[in-house]
Amino acid sequence: MTVKASERGTFSSKMGIILASAGSAVGLGNVWRFPTEVGNSGGAAFILIYIACVVLLGLPLMVAEFTVGRHTHANTVDAYRRLAPGTPWVAQGYLGVFTSWFILCYYSVVAGWTLKYLVASALAGPAGISGNTAYFESFTASPVEPIAYMVAVMAVCHVVIARGVEKGIERSSKLLMPLLLLIIAMLVVCSFSMPGSEAGLRFLLQPDFSCLTSDVVLSAMGQSFFSLSIAMGCLCTYASYFRDDARLMRTAVSVASIDTTVAVMSGFIIFPAVFSVADVEVSAGPGLVFITLPNVFRMAFASVPWLGWLFAMLFYMLLLLAALTSMMSIHEPTTAFLLEHFRWPRRVATRVVTLSCVAVGSLCSLSFGVLSGLRVGGLTLFELFDFISAKIFLPVGGLIIALFVGWRLPRRVVWEQATNGGTLRTRTFGLYMLLLRWVAPIAIVLIFCNELGLL
Ligand code: TRP
């Protein structure tokens, strides 16, 4: 069933469009996953490759998703159905809806952890929370507490989504994104002013190309896709709420710039702080943010404990806000699908998505504790969700979008969307098509094979 354009929500301003899309892109991927990848892959050299991936692959794919969304003004399933009726391309629409729902289930678990660490830091006072592995593990393994925090964050996301596109998503992004950028700026200044932070800066600024392996190049590509929210229907759904005068290429450049700046700034917050406290055990993965950092906050500010306290609270607040705006964008594709496809009221569609994600998310959370024995292919439920979505659905979705917009959509439609019907100058259009048709598909096939261990 189709919904008339006038019944759909619309972002009311260009700033709203940029901030909502940037809110989707800036998330745990930037503040938590990016620094971890930088740490694992050798610092500055990784960052340079990452930036190249954002420009050469991320940007064209983002514009391609925007093209599908804005051209059809429909949820992802109906968008593909309208553009390629009766063909297997429609499966991409379903993949987008399903993957968003799937990611939300486990993303909200980690978002719950950030709320826990914010609350715990606030309650602990200047003495700080104990940042050790046992504390982290006993919290994540407990059956009730992490689920309660997950439900709390999800409830906030629910309220925003239930209020709709303009009053919910746009308004909250306009409030939260500037706040987030302000917190980042404050944290960067604090981090730079720590004694001994130069080693961290050197790590981030002096490239050592000897650590560049094909594996590093491919992880940089994977990280750039995750961080830009590409390939899962989020940006396509947001673009369906764009007005016709929004400039797709310019919006993509702004969103990618904000996202990359936040990722690099997170590196600038975390590494000078970690390097300035030499005898802290540095753990990779979730540990960097939840185990290593609480120690860093406490030890780096041992002489001024209240400053360490403030630093810790600001940091977890940053993580929570970033996670929340991304969660909203992961919630919306499924909600929009239920709402438009089945004509459910927004209230009902939102409720169904929230409740089903809480139910499955609880299982993911329990997989750190009572359900840790339940394994599929050696992976716990949480690891399985992460693996399937980030390493299988993400590259497959990206590949299909590049092929669809690059090869299947009439070139005229792609050109009209990129130039707003010919009213904008198009000097980069040829380059955009070249990247979309050739560079992106080949690179994505490489990522995919690498991540599955086929290379
Ligand atoms: N980009 C977000 C982050 O950096 C996560 C995210 C939101 C995402 N929507 C997505 C990742 C769609 C992949 C696809 O945390």
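Some notes on this structure:
- In the chain, lysine pairs with alpha-carbon atoms under 23 angstrom apart (chain gap of 8 or more, or interchain): 4
- Each peptide in 381-390, 308-317 was scored by the mean count of other Cβ atoms within 10 Å over its residues; highest first, the order is 308-317, 381-390.
- Semi-axis lengths (Å, descending) of the ellipsoid that matches the C-alpha gyration tensor of region 88-146: 36, 12, 8
- Seen against the Cα atoms of the chain and their longest principal axis, helix 44-53 is set at about 10 degrees.
- Nearest 10 degrees, 0 to 90: helix 214-227 Cα axis against the chain principal axis: 70 degrees
- Per residue value of the accessible surface for region 175-286 (all protein chains in place, 1.4 Å probe), Å²: 39 Å²
- Semi-axis lengths, Å, region 188-299, gyration tensor of Cα atoms, sqrt of 5 times eigenvalues: 33, 17, 14
- By average C-beta atoms within 10 angstrom, highest first, the peptides 247-258, 194-205: 247-258, 194-205
- Listed peptides 136-147, 335-346 by packing density, highest first (mean Cβ within 10 Å): 335-346, 136-147
- Alpha-carbon centroid distance for the pair region 296-336 / region 202-248, whole angstrom: 21 Å
- Nearest-ten-degree value, helix 394-403 long axis tilted from longest Cα axis of the chain: 30 degrees
- Counting only protein heavy atoms and a probe of 1.4 Å, the accessible surface of region 54-207 is 71% carbon and sulfur.
- When nucleic acids and ligands are ignored and a 1.4 Å probe is applied, Trp407 ends up with an accessible area of around 120 Å².
- Charge dipole (region 214-362, unit charges on Cβ, about Cα centre) - positive-most of Ser326, Ala312, Ser219: Ser326
- Using alpha carbons only: equivalent-ellipsoid semi-axes of region 218-376, gyration tensor based, whole Å: 35, 23, 15
- Relative contact order of region 47-138, defined on C-alpha pairs under 8 angstrom at six or more residues apart (%): 13 percent
- Per residue, the convex hull around the alpha carbon atoms of the chain comes to 137 Å³.
The values are calculated or read from the model by the stated rules, or taken from the named source; none is laboratory data. Computed from a predicted model, the values in this text were never measured in an experiment. Here Cβ is always computed from backbone atoms with ideal geometry, including for glycine, and neighbour counts include all displayed protein chains. The area values use the complete protein model at the heavy-atom level, side chains included, leaving out ligands, DNA and RNA. Shrake-Rupley method; radii C 1.70, N 1.55, O 1.52, S 1.80 Å.
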